[in-house]
1. Pull out the extension gain between B:K57 and B:V327, defined as 0.36 nm times the separation in residues minus the alpha carbon to alpha carbon distance; nm, one decimal.
2. Between the range B:271-336 and the range A:32-101, what is the separation of their alpha carbon centroids in Å?
3. Under 10 Å from the Cβ of A:V20, count the other residues' Cβ atoms, weight Lys and Arg +1, Asp and Glu -1, and hand me the total.
4. Note the distances from A:E37 to each other copy's matching label point, with points 7 Å along the Cα-to-beta-carbon direction, in nm, sorted shortest first.
5. Taking H as built 1.01 Å from N, whose amide H comes closer than 5 Å to the amide H of A:G186, not counting residues under 5 places away?
6. Note the count of lysine pairs whose C-alpha atoms are less than 23 angstrom apart in the protein assembly as shown, limited to pairs 8 or more residues apart or on different chains.
7. In whole Å, what is the distance between the alpha-carbon centres of the range A:170-219 and the range B:169-228?
8. Residue of B with Cβ nearest the axis relating B to A, plus distance in whole Å?
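Derivation of every value follows stated rules applied to the coordinates shown; laboratory data play no part. Note that this is a predicted model, so its numbers are computed, not measured. Positions of Cβ are generated from backbone atoms using ideal geometry, with glycine treated the same way; all protein chains shown enter the neighbour counts.
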2 protein chains.
Amino acid sequence: MSSTTVATAPAALPSIRGRVDAVLAAFVDARARSAAEHGFPAEITETLRGFLFAGGKRLRPQLCVIGWQAGGGGPVPAPVVQAAASLEMFHTFALIHDDVMDDSAHRRGRDTVHRSLAAHHAGRPDAARLGINAAILLGDLALAWSDALLHTAGLTPVQLAAAHEVVDVMRTELMYGQYLDLCATGQVRDDVEAALRVARYKTARYTVERPLLLGAALAGAGHGVRGALSAYALPVGEAFQLRDDLLGVFGTPQVTGKPSLDDLREGKHTALLALALQRADASQHRVLRRLVGNPCLDGDGAASVREILTATGARDEVESMIRIRFVQAVQALEEASFAPAAAAALRELARMATERTA
Amino acid sequence: MSSTTVATAPAALPSIRGRVDAVLAAFVDARARSAAEHGFPAEITETLRGFLFAGGKRLRPQLCVIGWQAGGGGPVPAPVVQAAASLEMFHTFALIHDDVMDDSAHRRGRDTVHRSLAAHHAGRPDAARLGINAAILLGDLALAWSDALLHTAGLTPVQLAAAHEVVDVMRTELMYGQYLDLCATGQVRDDVEAALRVARYKTARYTVERPLLLGAALAGAGHGVRGALSAYALPVGEAFQLRDDLLGVFGTPQVTGKPSLDDLREGKHTALLALALQRADASQHRVLRRLVGNPCLDGDGAASVREILTATGARDEVESMIRIRFVQAVQALEEASFAPAAAAALRELARMATERTA
């Protein structure tokens, strides 16, 4: 259930990242001061700060701002930046719990949150367990605090109500998407549609569509704009996930930053694997079932799996699915009449999502 | 870190429980329908429904309503009932995650949520792990949904902003309180103040003060009323926790519904234990250190611990701490000028919190 690696965000909005990070830093600082006043341990906010600023492309906040512009919102006021930042805090929650569920050791080139909280308590016999439990709590805090960011953003009551409607759907969909992903992982199956459903909820809707719609909702955009954003977001998001699945198996670890055996060892249920299972002959089928989801898979085994993914045509088929979705997204953009800056950023994102190598 | 057993709620407000439950049932039904429309698995909402309606005294919603009345709010309108119900959904989140952290097997006389989700996936080799991960997600959903309940309650913008201020503090305090509790559990120490701090955040503030203040905030109550509610809530909440600590060791399992060895085996850091450690002679000290926090503790060992808790005077001292807090709470009530119904309910709660046997 490892989370999607996020590509570099569109360059069309260079100033937003700094503003989002400033909001996040000020918020965490304030929470740290308040914790200190109550005599609460500092490691909670310190760990959160370390995680937030160790990396992350701020893709969801940027998409929120693009949605704001697509919805005709004009220059980006501070409340919209803070609402966008709340998406990053929410994503922080999602990643912390995701890493607990997967028992991942590393994220953003450092220890995951549960590992680093366990290290903080090194010396206690129950340090590992305490690290996991503290990370569950810190994730819970990040979820609660994403709400605090939204609420103190200075939105109008109408904006806040509109934002909450989008945010509620986004949260619910992500949790269900994660649950579907948990249930599918480790079950080697040839069900392409099931893999695409997870991609739709965990990536297309959560990462692309809902952030765009949040921005559009804040701008008071009507049905037309929102429909056009969804028509763009869903194929881009699916393409993004399909590219991620290919990179997870065929990518260069030095470029992707992600070990190329993890997805295979975990038995991640992807459209790529489902297609290969559909097309495999009996002997290829046996090899895939033996190796995929096997935690002891080695480099030779991975090479055999890659060979079958290629020989069955599954790899080419996924490339073709990505191309189709790219075309759909570009068409949706052409049919929409977004502000030029927003359209340019969305076009760039579609290109990156489909062509990226990391 | 097992959660406080909640006593029967004040009888002064009999009609609220039904209204709160109706709101919760309608909400879960709507979420279940929406999940079905999206083809999401039904076990998520089914498990939540089963947990919500297997028990629970709705103490926090009732206190919210008492706070509303103390604040001069009059008859309880539907938006206030729904805001009160959002506290129960939040508490559901807290209990689900608490049980995951403690790896508790039972709650409300049934399997805990992670156990029952594991049972749902029985047959999978990773069922236990999947149950835990799914319970983390279901807890996350309950937290997000507590927010959805608050937001769709139909509060005015002024009420919503006031509510969010209280709710934000409540959530943050609870998470820190849980973290302090996690860190203290299993560490046998004679620090009474540390135990009282956990009681203050996890019970006094979370269970009593913040629900009262939420109701008062919804009624637009001023500083005077809010200060009086806090002056009442803190001693009552601490007394409540101190009584809980005594019942956890000396209570009759048939009455408390809680095995009388759990707190001792877990090594729960309580004021009772800290006082005993302060007063113990060398040999009593050795016995406490050997037996408390020992997962293999048996009935004989528990009897030895109980004997020391009594012989050192720690048990009597805790009884006296409860009495002092009861008096403080009643004094606070007498100095306040709450509506008679609210004052009566609060007086009854203070009595129950301090005298209860379950």
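1. Once the chain is fully extended between B:K57 and B:V327, it gains 94.7 nm.
2. Using only Cα atoms, the two centres lie 44 Å from each other.
3. +2
4. Between copies, matching label points for A:E37 lie 4.4 nm apart.
5. Amide H to amide H, under 5 Å and 5 or more residues apart or across chains, A:G186 pairs with A:K268, A:H269.
6. So the count of such lysine pairs works out to 10.
7. The range A:170-219 and the range B:169-228 have Cα centres separated by 36 Å.
8. B:P157, 2
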